[in-house]
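Below is one structure. I have some questions about it.
The values are calculated or read from the model by the stated rules, or taken from the named source; none is laboratory data. On a predicted model such as this, the values are computed, not experimentally measured, just so you know.
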Amino acid sequence: MSSAAVVQAGDAPDPTVRNLLEQDSLKWVFVGGKGGVGKTTCSSIVSILLASVRQSVLVISTDPAHNLSDAFQQRFTKFPTLVRGFSNLYAMEIDPKVENDDFSNEGMEGFLSELTNAIPGVDEAMSFAEMLKLVQTMDYSVVVFDTAPTGHTLRLLQFPATLEKGLEKVMSLKNRFGGMLNQASRMFGLGDELNEDAMLGRLEGMKDVIEQVNRQFKDPDLTTFVCVCIPEFLSLYETERLVQELAKFEIDAHNIIINQVIFDEEAVESKLLKARIRMQQKYVEQFHMLYDDFNITKLPLLPEEVCGVQALQNFSTHFLAPYKSALRRGSVEELEERVSTLKSALQEAETELDRVRKGKQVA
């Protein structure tokens, strides 16, 4: 970690994502966590921030829900598309299943279906390998993955092992059926490109690509994983599981983004909100205790969704500097704000009471 990542609060890591921008060697940035915690918003903003310091950035959604298009309010496909308003930020959305027409030939269908049924995830592995091949030929400075919920991400990291099993299955099929498949493909006039040797070569090629990329994934100079969560028990538990799994796969992770935090300095009068604040504070403290060597960035809960480039850019300020409420609890300004809030609430209630009374009189 660079010395710039240390703030005045003793030796605590900087509570921002600046370390990601300062690490010039970074090539792959994964953003993941439980469903519904704001991963897409965070990966979109991280890619926008990286685009301000790097030559070219590609953000890829591997989540079948494809919220990237919603976040930027622009339609993306499985081919990189320039994000409107940028000259060096591209986005693409891929489905984690085989989309390649190369495999749809009739002669191979039975063979492939047996292979994919025998090895769960091999179709995703093939698709991911194809996408990585594509990405590598494009030579982006840094690639940001907006990953699907946790389990999906970890499967992605197991792909070399999955493909290894796939290759073993191909070999066993080859031994069982001998040259039968070759004869069948020639008999149907499908040519030699559909025989199992071609398939084997294809799988070997993909395995090489994924193993090469996975070596990069295990290099902390090239790859890091950003965990996104919210201050609730299930999210804390899921984050802990994710951090443990990443350590098992030797993937670097030292950034946690805690989203949807309600800050208590504000003039909050709602009992429900006050209870939520107390609950959240308990989990935020636990995050700090568990991950005292992580860069923990807290993002405020907003009254509206963050959609569109302008909204994403506005919200990005909280990624670079800790959020500070406009008011300090107990200050004259905060008390004045609370009195003003209470007065307007009282006024609304009186107006509503008058309306109901008049309605009763009419009845």
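Inside the stretch 58-87, can you point out the residues that are over 15 Å from the mean Cα position of the chain (by Cα) and not aromatic (Phe, Trp, Tyr)?
GLN73, GLN74, ARG75, THR77, LYS78, PRO80, THR81, LEU82, VAL83, ARG84, GLY85, SER87
Testing THR62 on (1) more than 15 Å from TRP28 (Cα to Cα); (2) at pLDDT 60 or above, one condition comes back false. Which one is that?
All conditions pass for THR62, except number (1).
The rows are residues; the columns are (1) closer than 30 Å to LEU68 by Cα; (2) within 22 Å of the chain's Cα centre (by Cα).
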| site | (1), (2) |
| --- | --- |
| GLU285 | no, no |
| LEU290 | no, yes |
| LEU301 | yes, yes |
| VAL306 | yes, yes |
| GLN310 | yes, yes |
| PHE319 | yes, yes |
| SER344 | no, no |
| GLU348 | no, no |
| ASP354 | no, no |
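Another question about this same structure. Checking SER127 against (1) at pLDDT below 90; (2) more than 19 Å from the chain's Cα centre (by Cα), which test does it fail?
Tallying (1) at pLDDT below 90; (2) more than 19 Å from the chain's Cα centre (by Cα), SER127 fails exactly one: (2).
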